[in-house]
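Scroll down for the structure; my scribbles are underneath it.
We did not get these values from a lab; they are worked out from the coordinates using the rules stated. Note that the coordinates shown come from a computational prediction; the quantities given were computed from them, not determined experimentally. All Cβ positions, even for glycine, are placed from backbone atoms using ideal geometry, and neighbour counts span all protein chains on display.
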Amino acid sequence: MEKLWSPWRSQYIESFKEKKSPSGCIFCSSALEEIDSDDSLVVRKNKLTMTVLNLYPYNNGHLMVVPYRHLSSFSDLTVEERNEMMAEVDISIKALTEISHPEGFNIGANLGKVSGAGIADHLHFHIVPRWNGDTNFMPVIGEVKVLSQDLAATKKALLGAYPKL
């Protein structure tokens, strides 16, 4: 089996040691942030969930839908939290389609460290826009991922798209 290395993941995982809330969770800390703050990656807040940009995205527009409650098990979600999370995944797909016209999406959750979760103790769903040809030799040979849009520009575009949906 061939292996593809993603060395930028270690930088991503290490970053959570630097910015932690009193509870030690980056998502719990993000829940306290205002959407209009220049430093905030939060793009939407709902009754039970929030949607945030991934600081170390796999692709432009990589979003995460996160319940406010700090939990790691999918089965611990209430019916209302699950429904709101899935509704938010749906509207986020529509917003990302509006602003960047991806050809597909990867959607999922990494449950537990062994599955690749960088933040295993707070459940979250990833929404990753995909385009034909969006992977190339750069991450493998150059140990770098090329992202063509700044997070602030992505956030601004999403904030304009969500109200239309």
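Observations, loosely collected:
- Volume per residue of the C-alpha convex hull in the range 25-164, rounded to whole Å³: 114 Å³
- Sorting 67-79, 39-51 by average packing, meaning the other beta carbons within 10 Å per residue, from highest down gives 39-51, 67-79.
- Calculated P(r) of the range 71-131 - Cα pairs past 14 Å, %: 60 percent
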